[in-house]
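The next block holds one structure in the form of structure tokens; read it before the comments.
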Amino acid sequence: MSSDAHHAHDDAARDEPVVLINIFKCDARHQDALMEGLEDLVRTQTALPGFVSATLHRGLNGRVAANHAVWASADHWKAMTRHPKVVAAMGPILAIATFEPHLYEPGEVIKA
């Protein structure tokens, strides 16, 4: 692949939607506060360029939560992580939880 073709492929990949699956871990006594913090965080993110959707999940074990979000591109997601309002909204979350974010390319949706 030529250098120009390689860069064109990289640019195209950055313009594709990405899925964020972010797992948060906390002490069971903090799960309600974590969910409230995540709801506030997502409300902040909805106003940012590239936000498509988010679904929050509460772990049945009381110690985890997950955010499944779709962003218009990896670049939009990266810009969101540096936005001052997002950084501020993460403060209360970081006080009670750890997190592990991963980006994915969208996959097939399989329904019954």
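Computed from the coordinates by the stated procedures, all read-outs in this text should not be read as laboratory data. Source: prediction; values computed, not measured. Cβ: placed from backbone, ideal geometry, glycine included. Neighbour counts: every protein chain shown.
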- [ ] Set the Förster distance to 30 Å, then compute FRET efficiency between residue 27 and residue 73 from the Cβ-Cβ distance, nearest 0.05.
- [x] 0.30
- [ ] List, in order, the whole-Hz ³J(HN,Hα) value for each residue of segment 39-52 obtained from phi through the Karplus relation with A = 6.51, B = -1.76, C = 1.60 and θ = phi - 60°; use x for Gly and Pro.
- [x] 4, 4, 4, 5, 4, 5, 5, 4, 7, 8, x, x, 5, 10
Open item on the list: List residues of segment 92-112, by number, whose backbone nitrogen lies under 12 Å from a label position 7 Å along Cα→C-beta of residue 52.
Closed with: 104-109
Open item on the list: Could you sort the peptides 40-46, 52-58, 70-76, 103-109 by per-residue average Cβ neighbour count (10 Å cutoff), highest mean leading?
Closed with: 70-76, 40-46, 52-58, 103-109
- [ ] Convert 10 °C to kelvin, take the viscosity as 1.306 mPa s, use the Kirkwood radius over C-alpha pairs of segment 16-104 as Rh, and evaluate the Stokes-Einstein diffusion coefficient in µm²/s, rounded to a whole number.
- [x] 122 µm²/s
